[in-house]
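Encoded as structure tokens, the structure appears first; notes follow it.
The values are calculated or read from the model by the stated rules, or taken from the named source; none is laboratory data. Source: prediction; values computed, not measured. Note: ideal-geometry Cβ built from the backbone for every residue, glycine included; neighbour counts use all protein chains shown. Accessible surface is based on the protein model in full, side chains and every heavy atom, while ligands, DNA and RNA are left aside. Shrake-Rupley method; radii C 1.70, N 1.55, O 1.52, S 1.80 Å.
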Amino acid sequence: MSLSIQRETMEMDVLFVGAGPANLSAAIHLSNLIADHNAKNPDKALSPQIAIIEKGQSVGAHLLSGAVLDPRALRELIPDFKERGCPIEAEVTSEKVLFLTAKSKFAFPITPPPLKNHGNYIISLNKFGAWLGKIAEEKGVNIFSGFAGAEMLVENGKVVGVQTDDKGLDKNGEPKPNFEPGMNIRAKVTVLGEGPRGSLTKKIVKALNLDKGKNPQAYETGVKELWEIPAGRIKKGTVYHTLGFPLHPYVYGGSWIYAMSDTLLSVGFVTALDAFSPANDPHFNLQKFKTHPFVRSLLEGGKMVGYGAKAISGGGYFSMPKLYHDGLLLVGESGGFMNMMRLKGIHLAMKSGMMAAETIFEALLKNDFSQETLKAYEARFENSWAKKEMHKARNFRQAFNVGLYWGTLRVGLQMLLGGRILKDRLPLEPDHVHMQRLSSLTRKYVLEKREFKFDGKLTFDKLTNVYESGTTHEENQPCHLYIKPHLITDICNTKCTVEYGNPCQHFCPANVYEMEIVNEQTGAKKLKINASNCVHCKTCDIADPYQVITWKVPEGGGGPVYTNG
Ligand code: SF4
């Protein structure tokens, strides 16, 4: 599109991008700090304009997690959370870690300390986010749902806000009768809490070199189903984690089963995106996992009632970018706040938001939003329990670079040595470089996938699953999975087919990428992108071996509508 667009400008003091637990906690904590200050200093009262933009159609619509919540940050933020109706599905009452072989299971004699969940809560992150959103709104925070951050506004090296998405463009980028240009929201400080692999975060981290000297981020993709099951099979509050089947020992990952009630289960599978096989398929791994006799015995005769997928920023402490710049803070998974050793990040995201809020409050008092003031955020983190927790797990994800068995041993050593192994910082490479070409690979895994039949009762194809995610997009809009046209010809339809067999068909959990045969005689294929199926998991942006796919925001309001995610 070569339109010269007149954009409206909105002035804010504080702009949060993404209504996840990090930014919602930040907005609530900041509002509390300001209210407290104003009560004590009526003559120096602050009244900043605070806004949150959220690409989902409502707060929580794009939030998805297992999830077991460690309530530490929640207690700090909202001590009376229970009285205030916090949506808790169950308190964890029993937990087990299992190692699965193809037919059997072995329980770990004791639950490894990082996976101990007694006292934690099983929640739906989507309901939890909606609850936090309501509290933020009650405190006067403006939440604009259905508005995505499309571009960062940067002037003279300083972040000065965000441009929201244009609405009403057709698939060629031309305006339709309902065209509404995105607006420029200018702010003294912009807080990116976009979750894993945020599209603005990716760009600004690169542009400002915020990851200089850090390990690259490492990702996994979590694929989740909700199941209604007959009563009597499991007790509300039960938590299982498993290792082993169906993963190859050189692929990091595992499962969770959380009993939200006696008859409602959250069942999910996490697959690392640094797998060697181009056929690595997080959706397939969940389907295969459910065929294990133990899992089948829980689910058979039940009904799958929800689906979703999301990447996880699993690299840990050494993969965290610099968290601040002039006019900018990074929170939650955008800042790498995640503890893969515990398979938890919500509490860290919330704490990061609270630390950001304290820093912004000081900046408001000084009316100074430069790095000099905002760097106090990183100092706060370095002195926090969040840092202590993440530092203990600082080499966790790297330890599994040598496969499950050696990795487990290395993690055991780390736990004994407080996070160290042989070196204090184990290196990490970007996930996509681990993918091997077909020529150097056994085809066994691909064949196994081809032979697997989804029965539509226990196991489902991707399209059936996507239907349960409530995903919709305006069909006539520019494709938000952006590949430069010449790269589709030069790489996707040719080079990638030969070298990797088009792994996008496998790693996308929503059947967005398909190779269509265009010439029966030669077998030539062409990439077809079914963008409206996209559940916004970001896996393609991460795992593509040529790094030619850029996930851009579609029109705000599109995407999944998780209701119990
Ligand atoms: Fe995930 Fe990309 Fe597929 Fe969308 S297109 S569902 S972001 S892998």
**Message:** Below 8 Å between Cα atoms, with a sequence gap of 6+, how large is the relative contact order for the chain in percent?
**Reply:** 20
**Request:** For an R0 of 25 angstrom, estimate the FRET efficiency from the Cβ-Cβ distance between Q521 and L487 and round to the nearest 0.05.
**Result:** 0.45
**Prompt:** If you project the alpha carbons of the range 357-434 onto their three principal axes, what span does each projection cover, largest first, in Å?
**Reply:** 53, 31, 18
**Message:** How charged is the neighbourhood of N493? Take every other residue with its Cβ under 9 Å from the Cβ of N493, and add Lys/Arg as +1 and Asp/Glu as -1.
**Reply:** +2
**Prompt:** What's the long-distance tail for the range 411-558, i.e. % of Cα pairs beyond 17 Å?
**Reply:** 70
**Request:** For the range 110-204, compute Rh as the Kirkwood radius over C-alpha pairs and then the Stokes-Einstein diffusion coefficient at 10 °C and 1.306 mPa s; write the answer in µm²/s, rounded to an integer.
**Result:** 94
**Request:** Take every Cα pair under 8 Å in the range 39-191 that's 6+ residues apart, average their separations, divide by the length, and report that relative contact order as a whole percent.
**Result:** 26
**Prompt:** What size of dipole, in debye to the nearest 20, comes out for the chain about its Cα centre when the only charges are +1 on Lys and Arg C-beta atoms and -1 on Asp and Glu C-beta atoms?
**Reply:** 1860
**Asked** Once fully extended, how much extra length lies between T101 and K139, figured as 0.36 nm per residue of separation less the alpha-carbon to alpha-carbon distance?
**Response** 8.6 nm
**Prompt:** How high is the FRET efficiency from M415 to E448, r the C-beta distance, R0 51 Å, rounded to 0.05?
**Reply:** 0.90
**Prompt:** When we measure straight from the Cα of K366, which aspartates and glutamates land under 16 angstrom away, once same-chain ones fewer than 8 places off are left out?
**Reply:** D13, D43, D326, E358
**Radius 9 Å from Cβ of W551, net charge of other residues (Lys, Arg +1; Asp, Glu -1)** = +3
**Prompt:** For the chain, what is the percent of antiparallel DSSP beta bridges, rounded to the nearest 5?
**Reply:** 70
**Message:** Give the average over all directions of the projected area of the C-alpha convex hull of the range 291-335, one decimal, in nm².
**Reply:** 5.7
**Message:** How large a share of the accessible area of the chain, in percent, is made up of carbon and sulfur atoms when the probe is 1.4 Å and the other protein chains stay in place?
**Reply:** 52
**Message:** On a 21 Å Cα-Cα criterion, which of the cross-link pairs K224/K290; K96/K290; K351/K387; K288/K528; K55/K457; K344/K375 come out too long?
**Reply:** K288/K528; K55/K457; K344/K375
**Complete:** Over the chain, with neighbouring protein chains present, the accessible area per residue in Å² at probe 1.4 Å is 41
**Request:** Show me 484-494, 157-167 ranked by packing, highest mean number of other Cβ atoms within 10 Å first.
**Result:** 157-167, 484-494
**Complete:** Compactness summary of the chain: radius of gyration and Dmax from Cα atoms, Å, are 23.0, 81
**Prompt:** Where the centroid of each part is defined by its Cα atoms, how far is the range 224-293 from the range 132-201 in Å?
**Reply:** 34
**Prompt:** Near W385, within a Cβ-to-Cβ distance under 10 Å, what is the net charge of the other residues, with Lys and Arg +1 and Asp and Glu -1?
**Reply:** +2
**Complete:** Rounded to one decimal in nm, the spacing of the 7 Å Cα→Cβ label points at H37 and D368 is 1.4
